Every structure is written in C-alpha cells, then in structure tokens.
Amino acid sequence: MITAVIIDDEKKCVSLLKHLIENHCKDINVVGEAESAAQGLQVIQQHKPDLVFLDIEMPDKTGFELLKSLPEINFDIIFTTAYNHYAIKAIRFSALDYLLKPVDLDELKNALARVYKKHQKAGPQQNVDVLMSNIKSPQPNFSRISLSTQDGLVILHVDEIIYCEASGTYTIFYLKNREKIIVSKTLKEYEELLKDHSFFRVHNSFLINLNEVKKYVKGDGGSAFMSNGDEVFVSKRRKEEFLSVLNK
C-alpha cells in the first residue's frame, strides 16, 4: 500500500482526486490533505508519505517553493496544475510526472503505474534537483535532462547528446563520451522536449543534435555524419527542411 497526501488549495480538485483514487486506485491510501504550502509542509512532516500530489500554483507559495523548503525529498511527486505553462516542460525534463486539471482517470492510472514501476537506484531528490535547476533557466533553455533507465537515473546536460535513435517503444541516446543510454520512452516524446535545443527529427528513427553534424552527403534523402563518426540517414521527405534548418 502506497501512502499519499494531496496538497492543493482548490477543494473541488481535491475531492475529485480523492474520489478517483478511492474508487479506482486501491493500492493508494490518502492519509492527509492540505490547502496551502505551509499546511502541506506540516502534513508531509507528520505523515511521511510515499507519494505527494502537489499543486503548482497556490496562494502562499508555489509547489516548487514548498519543495525547496524541505531538507530532503524522500517521496515520489505527481504535480497537478490547471495551466499547461512552461513549468510543465521543466517537469518533463526532470523525469517527474504531472496531471492537468481536471484530473483524467486514465492519466492518473498511467502516472501511478510509473510510480509503481520505479526501481531506481537514485532517489526522487535528484529529479527535484534537476527540476529546480531548470526552473531557474530562461524559457526554454533548460540545460539538464533526467533519463530513467532500467539501472537507475542518469542526469545529463542536453549538449552531451549527439543523437537519439528509436527502437520500438524505447529510445537510445548516443553521447559524446561514447556511452549509449536506453530509455523506455518513445522518440516522439524526446522530439517534443528537445526541439527547442537544436535537435531535428531527420528520420522516423533518428533525432539529431544539429550542433553535432560534421558532414552531409547527398543522396535520395542523404546522410548526416555526426561528431562521433556515425552515419545517420535522412528521410527523403525530411531532406529539404533539414538542409534549410542546417543552413540557418
């Protein structure tokens, strides 16, 4: 059984979330609630929950400010927010979960499934550290990204990535230090995250860092040769846009 607390100043949102959990998520036991960051701090210290549902925007402090005030983070976090603003991107870069209000049951179940599956060697504190670092960055220039792997959590600077390759529902990251990292998320998810960081989808199977392209060889679609010597194929339909972006 996973113990949880809900910190949110909107009573209707708390009631809906509790209703969904009580009726559809039998492995979650809500042991406390709070309507502000100040109360939330007390509830966390009192109940020491496994999971915190945390609103981002609250009257006294934001959810991020609440986390900053804690000496350590030893619980999982699912953020809740009514706003699809840039903080959502920072959360995704940090490999943390969020739910948009009003909370959808399927999205809640998916987020909880990811909580159940976590067997990371690194704790949630490191994810939050990445989040706080990125929140301080000017939009959208987040510098660090967390990758959840089978063995644990890997934290990278975005510019360490040369390119990414799709492998079914997995993504393989090729790094400057010659390492490969396999993550159980699709390439499309990382395309959305990295598109503002000079990454371009040249093929259904490849997302490349434009700053790491060393040579382009003409062909039907052609090939991009990366800084590590790897050849990455460019699809015919992406060729014209790729060359246009590359020239810029």
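Readers should treat all values here as calculations from the given coordinates under stated rules, not as data from a laboratory. Nothing here was measured: the structure is a model prediction, and the numbers come from that model. Virtual Cβ from ideal backbone geometry, glycine too; neighbours counted across all protein chains shown.
Details
- Ranking of Cys25, Cys13 by count of other Cβ atoms within 10 Å, fewest first: Cys25, Cys13
- Given charges at Cβ of Lys, Arg, Asp, Glu: the chain dipole, positive-most of Ala224, Gln45, Pro102: Ala224
- Calculated FRET efficiency for the pair Glu240/Glu72, C-beta based, R₀ 45 Å, to 0.05: 0.30
- Angle of helix 236-247 to the longest C-alpha principal axis of the chain, folded into 0 to 90 degrees and rounded to 10: 90°.
- Three-way shape label, segment 157-247, alpha-carbon gyration tensor, a/c 1.5: prolate
- Tensor-based shape of segment 1-73 (alpha-carbon gyration tensor, a/c under 1.5 rounded, otherwise prolate or oblate): oblate
- Under the combined filter of DSSP loop state and at most 12 neighbouring Cβ atoms within 10 Å, segment 1-95 retains these trypsin sites (Lys or Arg not before Pro): Lys26.
- Cβ-to-Cβ counts within 10 Å put Met226, Met132, Met58, Met1 in ascending order as Met1, Met132, Met226, Met58, the fewest first.
- Considering only GluC sites (Glu not before Pro) in DSSP loops that have at most 13 other Cβ atoms within 10 Å, the longest stretch of the chain without any of them is 73-178.
- Positive minus negative residues near Leu175 (Lys, Arg vs Asp, Glu; Cβ under 11 Å): -1
- Global form of the chain, assessed from the alpha-carbon gyration tensor, a/c cut-off 1.5: prolate
- Crossing angle, helix 105-117 versus the chain [Cα axis fit, 0-90 degrees, rounded to tens]: 80
- Least to most buried among His24, His157 (fewest other Cβ within 10 Å first): His157, His24
- Nearest-ten-degree value, helix 11-24 long axis tilted from longest Cα axis of the chain: 80
- About its Cα centre, the dipole of segment 157-247 is roughly 260 debye, where the only charges are +1 on Lys and Arg Cβ and -1 on Asp and Glu Cβ.
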